[in-house]
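Report on the following structure.
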Amino acid sequence: MTGTTINIMTATPSDIVTSTGSPLLLDVRTAAEYEDSHIHGAVLHPLSDLNPGRVKELAASHAQCFLICGSGGRARQAYDRLKDSGIQNLRVLEGGMRAWEASGNPTIKGRKTISLERQVRIAAGSLVLVGVILGYTTSDSFFVLSGLIGAGLIFAGITDTCGMGMMLAKMPWNRKSGGSSCATR
């Protein structure tokens, strides 16, 4: 297994609400997801562009740094990348934005977008379907495409990393400027 830290410090939505001082809320989702919905004061720094040095600079003036994503997976990956950079009190929002919103906490809503997870499902399903159709109508060799996508999904499930998701995160529709971003400053 790659990139999984056993002792990740986590936080609940109420931990963020009751935190003292001014914590750094670091949103590691795509710009499109951030634009759709984010926590007031959260700074956008997509996982695909994660810069530990820049995050350390931002975190220096905050007592705590909370990592936020859609459900917790990408925030855990960010934690793994940032843990050795010297950032103190680094914590992952367990359950991500889904948990934040389910707790009834306020969010800033923008234009609705398709989440990165849904984009991956749509792309993977489309490629499998194309492979099957072309395999039956053109050449048996196209069945390999469906097999490769299946293998990629298994690998993504086992390692909690998704190459297709990382590629989709770099697409223009996922890189729209959604507001405060430390990746571009």
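A short reminder: the numbers here are calculations on the coordinates, not readings from a lab. All values reported here derive from a predicted model rather than from experimental measurement. With ideal geometry, Cβ positions are generated from the backbone for all residues, glycine too; neighbour counts draw on all protein chains shown.
Dipole size in debye (nearest 20) for the chain around its Cα centre, Lys and Arg Cβ +1, Asp and Glu Cβ -1? If you can, show how the numbers build up before the last one.
On the way: 18 positive and 14 negative charges, 73 e Å.
Roughly 340 debye for the chain.
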Give me the one-decimal nm value for the distance between modelled label points at residue 160 and residue 20, 7 Å along each residue's Cα-to-Cβ direction. 3.1 nm
DSSP beta bridge pairing in the chain, given as percent antiparallel to the nearest 5: 15 percent
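Please report the equivalent ellipsoid semi-axes of the stretch 116-174, computed as sqrt(5 x eigenvalue) of the Cα gyration tensor, largest first, in whole Å.
Details: eigenvalues 105, 38, 12 Å².
One finds semi-axes of 23, 14, 8 Å for the stretch 116-174.
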Considering only 108, 59, 86, whose Cα is most displaced toward the positive end of the charge dipole of the chain, charges sitting on Cβ of Lys, Arg (+1) and Asp, Glu (-1)? 108
What distance in nm lies between label points placed 7 Å from Cα along the C-beta direction at residue 134 and residue 121? 2.5 nm
On a straight-distance basis, which aspartates and glutamates could pair with residue 83 in a cross-link, Cα separation under 17 angstrom, same-chain partners fewer than 8 positions away excluded? 27, 49, 57, 94
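Percent relative contact order of the stretch 1-104, based on C-alpha pairs within less than 8 angstrom and at least six residues apart? If you can, show how the numbers build up before the last one.
Values: 173 pairs, mean separation 36.2, N = 104.
In percent, rounded to a whole number, it is 35.
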Any idea what angle helix 143-159 forms with the longest principal axis of the chain, computed on alpha-carbon atoms, 0 to 90 degrees, nearest 10? 20 degrees
What number, rounded to the nearest 500 deg cm²/dmol, is the helix-based mean residue ellipticity at 222 nm of the chain, given -39500 (n - 2.57) per DSSP H run of at least four residues and division by all its residues? -13000 deg cm²/dmol
